[in-house]
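Notes follow once the structure below has been shown.
Nothing in this text is a laboratory measurement; each read-out follows from the coordinates by a stated rule. Keep in mind the model is a prediction, meaning the values are calculated, not measured. With ideal geometry, Cβ positions are generated from the backbone for all residues, glycine too; neighbour counts draw on all protein chains shown.
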Amino acid sequence: MADLTSNFLGIKSPNPFWLASAPPTDKEYNVRRAFEAGWGGVVWKTLGAEGPPIVNVNGPRYGAIHGADRRLLGLNNIELITDRPLEVNLEEMTRVKKDYPDRALIASVMVPCEEDEWKRIIPRIAETGCDGFELNFGCPHGMAERGMGSAVGQVPEYIEMVTRWCKEATDLPVIVKLTPNITSILNPAQAAKDGGADAVSLINTINSITNVDLDLMAPEPTIDGKGTHGGYCGPAVKPIALNMVAEIARNPGTHGLPISGIGGVTTWRDAAEFMALGAGNVQVCTAAMTYGFKVVQEMISGLSQWMDEKGYTSIDEVVGRAVPNVTDWQYLNLNHVTKARIDQEACIKCGRCYAACEDTSHQAISMSDDRVFDVKDDECVACNLCVNVCPVEGCITMETIAPGAVDERTGKVVEKEYANWTTHPNNPTATAAE
Amino acid sequence: MPQTNRENGVSPGRIAPADVQANFSDLHPEYDDHEALVAADRCYFCHDAPCMTACPTSIDIPLFIRQIATGTPEAAAKTILDQNILGGMCARVCPTETLCEEVCVREVAEGKPVEIGRLQRYATDTLMAAGKHPFTRADATGKKVAVVGAGPAGLACAHRLAMLGHDVVVFEARVKGGGLNEFGIAAYKTTNDFAQKELDWLLSIGGIEIRYEQALGQSVTLDGLQDDFDAVFLGMGLSAVNALRLEGEDKDNVSPAVDFIADLRQADDLTTLPVGRRVVVIGGGMTAIDAGVQAKLLGAEDVTIVYRRGQEAMAASKFEQDLARQKGVRLICNATPVGIEGNGSLRAVTFAYTETRDGKLVTLDETFTLPADQLFKAIGQKLGDMPDALALDGGKIAVDAAQKTNLAHVWAGGDCASGGDDLTVTAVAEGRDAAMDIHATLTGAS
């Protein structure tokens, strides 16, 4: 049986599934329930500076995108950091950590961008016995208007500066949580590394308006006729998060910087994908908010089964395994030729591949009077759209044309040698092949 | 359901009133909003969809389902009604299992089609509940058209003609309109007086007058209609019932199944409707099933449908046959009636087994006898007496592809006309198509 034990920055937890800093980790009550359900760790809901507690709106805080049968695909929120007194949170964290010493307890922090603010609060929080810190440079709503959250995360110099202050204030691991609301994730990641961060976690939520109430003519969630942009998360953001994780993992400057993967992790498979692209562990929020804490049990059993099937004995064997296969477009093999193949036994004759190809692609699928759909090899560019729109999994697949055979579309013999854009004759800046 | 009345003969109140009420509730209950969205989401929006091809009225099914899925059931209803003005009734009574749902790619793939009929009902019911009629009349053409029969064919024809600006007078033999929708379909398929509500809704377009108790050949003649109107559409259905041609057919409690079904549909209180303790139905079509199942639901202790050919030859769909069995009706195939027994009242029916040899049905010597208090004949209906000038084809009014008869300015459609299955949806298509051809003829467009 695979060992799911996680050791992230020296912080041990029985599995790599942590709850992200968010409403599910705002109180002792919730966190105890999470640990009882089996979560490996929690990042406590972001703590702010001492003083009058944060105020939240009293109207709706969440908006959502639904798929079929109201399956929640994306969630957005305008909730701020914890609105409970700092002292209460610290007491609760202390009690929880004492009762669950084998679980990871990370403190998420967000205070104004002043050195003494950070250096005062970090040691104080450390007294709870927490295992590390996560600096919230990510939240894109509300707090950002006050110069915190993503307002910091969007300025690499601030990231580096604050990270350094915190590293100076504690010996515990410091994770910097990054905002995706930037043009390149590499600059903030590099800044975190330069500031001495032990790891980055990403992504925080994406600026968003989920819906517009067409009667009120106002964005949702709507507060007294008005709405504001909120942070988007859930299954819908996973592709964006995976790319950002992979970019950091494969970039020479940031390669090797530990990553805590966040963004739409809903099943064990999502977690495995994040880890394959370089995440040492994952953080989850929306899945727990949608289904309750029990979902972690599927994540644990699924990851364990998959690792056993693949022969992976520890999490470390999985982490980063797909990173070498993430590359730039220019290095993709242009001599790799595939064609769509339709399994006529599996085909249910819905004709979606035909409509998609005929109307929006390359007119490479034929339709007979009795609804038999066939690929025209002399037109198929192997775009994969038919595979993607086919409702039957595995019905349409891409077949690799063996070297030596003729690609009927180009009339050329498929070559065995790897060749990419950098050496292609059509590329004005091509370098001659050696 | 416990039997409360085991008396022989034909009598009412065989089971508790609450059981009767429950038995005659909606066969396919209406969807609520969420159920409709989930059901609609199963549609793959097929290219050149097989369901649409299978629909006799060619409703754009993928489009209307997508309109439901995107929260606009009223627009979905318009898509349906554009093609089939009786889309509400067809949603309830169409044998979808042999039409659109049979060819649904999800039926082929999973044995579980998109529930097109129920979705259609959701859309049309939503629109009708809002009291909306999405069609308006074109400018008046000054032309007058007579429609004979206020059944599905006649109503579809009348509505389309009214929409195109013609004035329509419908001559209906009975005291109520709707035809088989009102008198001929099992009650559990169309509850809450839906046929009349749909009729009223259909008429709300204006320009259609219905004259009741005006049977062709009695109060009105085809010659007279031809003289008084610019065009005539015949959609009077099949008014006569085939006979068994057996001695004893005139005994008490031997009657056409269509009469039983009509009585049942018109009854104010089903608990007062008499039914036999042991009921035998002869026939293999929808009428036989509707009569047999309803007799059982009324509280008959024992109901047997006997069909002279093999099960595969039954006109009733597999779904209908299964429904009958599920309700406790026995189906016997390959047996034909040879004797009706009883002294004044019916007591038993004797059948001989049959066999099909070289495509011919052969009656065998071996017989069996079923005790029976009531016998329903459901061996088909036929056209009533028609004017001699009207050409017939296979016992029905001969029509061409545009529903034209051999007589100038006379069209026909529905069960009384040749071609097509005897289905509500087919009648609607034929009535609609006839209206389009009448319009083209009267306006000189063809």
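A few points about this structure:
- 14 Å reach of a label modelled at A:ASP308, 7 Å along Cα-to-Cβ, counting backbone N of the range A:1-36: A:1-4
- Rounded to 10°, Cα long-axis angle of helix A:295-310 versus longest principal axis of chain A: 50 degrees
- Whole-Å distance, taken between Cα centres, linking the range B:1-54 and the range A:129-191: 61 Å
- With neighbour counts taken as other beta-carbon atoms within 10 Å, the residues B:LEU99, A:LEU178, B:LEU390, B:LEU297 rank, fewest first, as B:LEU390, B:LEU99, B:LEU297, A:LEU178.
- Qualifying lysines (Cα of each under 23 Å from Cα of B:LYS396; at least 8 residues distant if same chain): B:LYS377, B:LYS382, B:LYS404
- In chain A, excluding the sites themselves, the longest stretch lacking any of the trypsin sites (Lys or Arg not before Pro) that are in a DSSP loop with at most 13 other Cβ atoms within 10 Å is A:72-293.
- Between B:LEU331 and B:ILE305, the built amide H atoms are under 5 Å apart, and every one of these is 5 or more places off in sequence or on another chain.
- Between the range A:58-116 and the range B:296-352, the alpha-carbon centres lie 69 Å apart.
- Anchor B:LYS132: lysines whose Cα lies under 16 Å away (excluding residues fewer than 8 positions away in-chain): B:LYS78, B:LYS197
- Using a Förster distance of 51 Å, the FRET efficiency for B:ASN8-A:TYR291 (Cβ separation, nearest 0.05): 0.25
- With Cα atoms, 0 to 90° folded angle of helix A:238-250 axis to chain A main axis: 90 degrees
- Under the membrane-span-like helix rule (DSSP H runs whose alpha carbons stretch at least 20 Å along the helix axis, mean Kyte-Doolittle hydropathy 0.5 or higher), chain B yields none.
- Only alpha carbons enter this Debye calculation for the protein assembly as shown, each as an equal point scatterer, and the log10 of I(q)/I(0) it gives at q = 0.07, 0.09 Å⁻¹ is -0.79, -0.99.
- The label point for A:ALA346 and the one for B:ASP385, both projected 7 Å from the Cα toward the Cβ, are 6.7 nm apart.
- Think of the protein assembly as shown as a dipole: +1 on every Lys or Arg Cβ, -1 on every Asp or Glu Cβ, centred on the Cα centre; then among A:MET217, A:ILE300, B:PHE376, A:ILE300 lies furthest on the positive end.
- Each of B:VAL145, B:VAL254 has some number of other Cβ atoms within 10 Å of its Cβ, and from fewest to most they run B:VAL254, B:VAL145.
- Extents of the range A:329-423, largest first, come to 44, 24, 23 Å (Cα atoms, principal axes, whole angstrom).
- Above-threshold pairs, the threshold being 32 Å between Cα atoms, out of A:LYS193/A:LYS238; B:LYS144/B:LYS176; A:LYS97/A:LYS238; A:LYS119/A:LYS294: A:LYS119/A:LYS294
- Overall, the anisotropy analysis places the range A:6-325 in the rounded class: the square-rooted eigenvalues a ≥ b ≥ c of its C-alpha gyration tensor yield a/c less than 1.5.
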